[in-house]
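Everything below concerns the one structure shown next.
The values are calculated or read from the model by the stated rules, or taken from the named source; none is laboratory data. Remember, it's a predicted structure, so these values are computed and weren't measured experimentally. Don't worry about glycine lacking a Cβ; one is built from the backbone with ideal geometry, like all the others, and counts go over all protein chains shown. Only protein heavy atoms, including side chains, enter the accessible area calculation; ligands, DNA and RNA are left aside. Shrake-Rupley method; radii C 1.70, N 1.55, O 1.52, S 1.80 Å.
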Amino acid sequence: MALNLTDAQVNEIVARVVSEFKKPSAQAAGPLKDWDSTQYKGRKLVGVYATMEEAIEVANAGYRAVRSMSVADREKIITAIRAFTRAEAHIMAELGVAETKMGRVDHKTAKHKLVADKTPGTEDIIEEARTGDCGLTLTEMAPFGVVGAITPSTNPSETVICNSIGMIAAGNGVVFNPHPGAIATSNYAVDLVNRAVAGAGGPPVLVASVVKPTLDTASVMYKHPSIKLLVCTGGPGVVKAVLSSGKKAIGAGAGNPPVIVDDTADIDKAAKDIIDGCTFDNNLPCIAEKEVFVFDNVADRLVAGMQKNGCIKLTRAQADELAKVVLVEKTGKDGKVSKIVNRDCVGRDCRVILEKIGLKVGPEIRCAIAEVPFEHDFVQEELMMPILGIVRVKDIDEAIDKAVKAEHGNRHTAHMHSKNIDNLTAFARAVETTIFVKNAPSYAGIGFGGEGHTTFTIAGPTGEGITSARSFTRKRRCVMVDSFRII
Ligand code: NAD
């Protein structure tokens, strides 16, 4: 599936896309300065509006049109979205890397194909009928109407398409307030969905977005009476804002997935799996391995295995120096100083990040590892870059205690490499995450080399888990008393 592009090829593609795509925008401001969120190569994007109010109105009209369509016709729309996504996966991957400067084209292409192939459609919507002495009661999964969705910069078009498939399969229209730093890529995906919908006999616009998303346009979305469900995929700030909106909301928030490796694991395989997962799309996925707790008696072998798999081992001094670069201090409105990730490092190639501390490595180095204490930033912070902190532990109790603390109660994702079922069970129970992956790279948890459907909206805080079409429905009951029973 991977394209195996060299860095030079990636840079060439990025330069080409940027030169083709860079056009001055009438709305140019802030993050949109260099990116036109309304057109692609001169073709106007369908479903992109100047105001949030207009976008909601059009999505509402689309929803009303879809209400009169059969489920079979809705499934034709989903089939078309899958086909368009497969065919244009590489375009969105190139756009995403060029616009956000984060991630890798080959991995983003694979992510789009995963969305196309493994996001559930209308088959996910199931009805329930109960019969008894009193007659028949039917429960159906009905659409909400228009869903308001907030999407991140880390998986921009992947999330727009994955959300669209699930929300449309459930019978909804959608309006997006995408991340401003990925607006051109997100709006390309909005346009793709609308082209697929219209081509399959649906309304001309079923998913809508805005030219320039801001916190104000998000606020219009929260308050608008036509928006009946909010779905937020992003960091803690935006999830909190959405959950405080007073509307029904699904929150898919931040993670900091720990990995435990005990001394029963296949250490060579664990080393490869951890680095494959950690470096996937340069560590942008919220499920990707972020820190490792390894038994002391196998730690040297694990580190050596990682070095064989494209890692450079940093000294403690180098790790401390790098931590000062990849995290920056920010003073909040309340005057409090906190550390936030340096956006110039998030999702970048390892080589580019290491250059910032004067370390020159080749493109074959895909991850920097460092043995650090538990308190270190490489363990505690969700960096979203190919840097992995490794902590030695003496036994399973210490490993679980530290891993649970490093996960910070996000209840998002955790990983373990072990053949001891007691250890595996003990960690899974203690960490209480939505996803728990055993003996595989993290991406197996979203159906990439693992069983089960995919999603790019993992709703831990609100409990929907690995979201799918049914997550975007409301249950309705119809009761017929004393009739419709045939026995
Ligand atoms: P982010 O939190 O910076 O932004 C998400 C979106 O929210 C953007 O559109 C942003 O403009 C908007 N936003 C931010 N604050 C807001 C507010 N107060 N009101 C309204 N909108 C607001 O996210 P990002 O950096 O693009 O994504 C990375 C984060 O998202 C990480 O923490 C990652 O773990 C998380 N994430 C979670 C999932 C999941 O499924 N749980 C998936 C992807 C990303």
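Tabulated values for the structure
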read-out	value
Test: Gly358 is under 29 Å from Ala93 (Cα atoms) and either within 16 Å of the ligand (Cβ to nearest atom) or not hydroxyl-bearing (Ser, Thr, Tyr) (or both)	no
The listed residue being within 15 Å of the ligand (Cβ to nearest atom) and hydrophobic (A, V, I, L, M, F, W, C), out of Ile435, Ile396, Ile400, Ile486	Ile435
Qualifying residues in the range 454-470 (those that are away from the ligand (no atom under 12 Å from the Cβ) and touching an Asp or Glu at 6+ places or on another chain (Cβ under 8 Å)) - the one nearest to Ala270 (Cα to Cα)	Ser468
Number of the exception - Leu230 against (1) of a type in the set (A, V, I, L, M); (2) farther than 30 Å from Ala149 by Cα; (3) within 16 Å of the ligand (Cβ to nearest atom)	(2)
Among the residues listed as Asn410, Asn423, the single one being within 15 Å of the ligand (Cβ to nearest atom) and either among the polar types (S, T, N, Q) or surrounded by 17 or more Cβ atoms within 10 Å (Cβ to Cβ) (or both)	Asn410
Among residues of the range 458-485, those that are in contact (Cβ under 8 Å) with a residue 40 or more places away in the chain and open to solvent by less than 70 Å² (accessible area, probe 1.4 Å), counted	12
So Met141, is it crowded, with 17+ Cβ neighbours inside 10 Å, in contact with a strand residue (DSSP E or B) (Cβ under 6 Å, 6 or more places away or on another chain) and closer than 26 Å to Thr217 by Cβ	no
Among residues of the range 355-374, those that are in a loop (DSSP other than H, G, I, E, B), of a type outside the set (Val, Ile, Thr) and within 18 Å of Arg343 (Cα to Cα), counted	1
Criterion violated by Glu329 - all others in (1) surrounded by fewer than 21 Cβ atoms within 10 Å (Cβ to Cβ); (2) in contact with a helix residue (DSSP H, G or I) (Cβ under 8 Å, 6 or more places away or on another chain); (3) of a type outside the set (Lys, Arg) satisfied	(2)
Total residues in the range 342-354, condition in contact with a strand residue (DSSP E or B) (Cβ under 6 Å, 6 or more places away or on another chain) and not in a helix (DSSP H, G or I)	1
Sole exception among (1) within 14 Å of the ligand (Cβ to nearest atom); (2) out of contact with any Lys or Arg (no Cβ under 8 Å at 6 or more places or on another chain) for Ile183, by number	(2)
Only one of Asp216, Asp273, Asp268 that is open to solvent by 10 Å² or more (accessible area, probe 1.4 Å), within 16 Å of the ligand (Cβ to nearest atom) and acidic (Asp, Glu)	Asp216
Pairs where the first residue, in the range 420-431, is modelled with pLDDT of 95 or more and the second is of a type in the set (Lys, Arg), C-beta under 7 Å, 6+ apart	Leu424/Lys438
Some residue of the range 287-300 being crowded, with 24+ Cβ neighbours inside 10 Å and part of a helix (DSSP H, G or I)	no
Odd one out for Asp273 among (1) in a loop (DSSP other than H, G, I, E, B); (2) within 29 Å of Val294 (Cβ to Cβ)	(1)
Looking only at the range 301-340, and only at residues there that are part of a strand (DSSP E or B) and within 16 Å of the ligand (Cβ to nearest atom), the one that is farthest from Asn423 (Cα to Cα)	Lys330
Among the residues listed as Pro441, Pro386, Pro363, Pro373, the single one being surrounded by fewer than 17 Cβ atoms within 10 Å (Cβ to Cβ) and touching a residue at least 40 places away in the same chain (Cβ under 8 Å)	Pro363
Residue match in the range 196-209 (condition: among the aliphatic types (A, V, I, L, M), modelled with pLDDT of 95 or more and within 11 Å of the ligand (Cβ to nearest atom))	no
Subset of the range 193-214 (residues that are among the small types (Gly, Ala, Ser) and within 8 Å of Gly62 (Cβ to Cβ))	Gly202, Ala208
Leading residue by the ranking (nearest to Cys350 (Cα to Cα)) among those in the range 305-326 that are surrounded by 15 or more Cβ atoms within 10 Å (Cβ to Cβ) and among the small types (Gly, Ala, Ser)	Gly310
Qualifying residues in the range 235-259 (those that are within 12 Å of Gly460 (Cα to Cα) and surrounded by 22 or more Cβ atoms within 10 Å (Cβ to Cβ)) - the one nearest to the ligand (Cβ to nearest atom)	Ala252
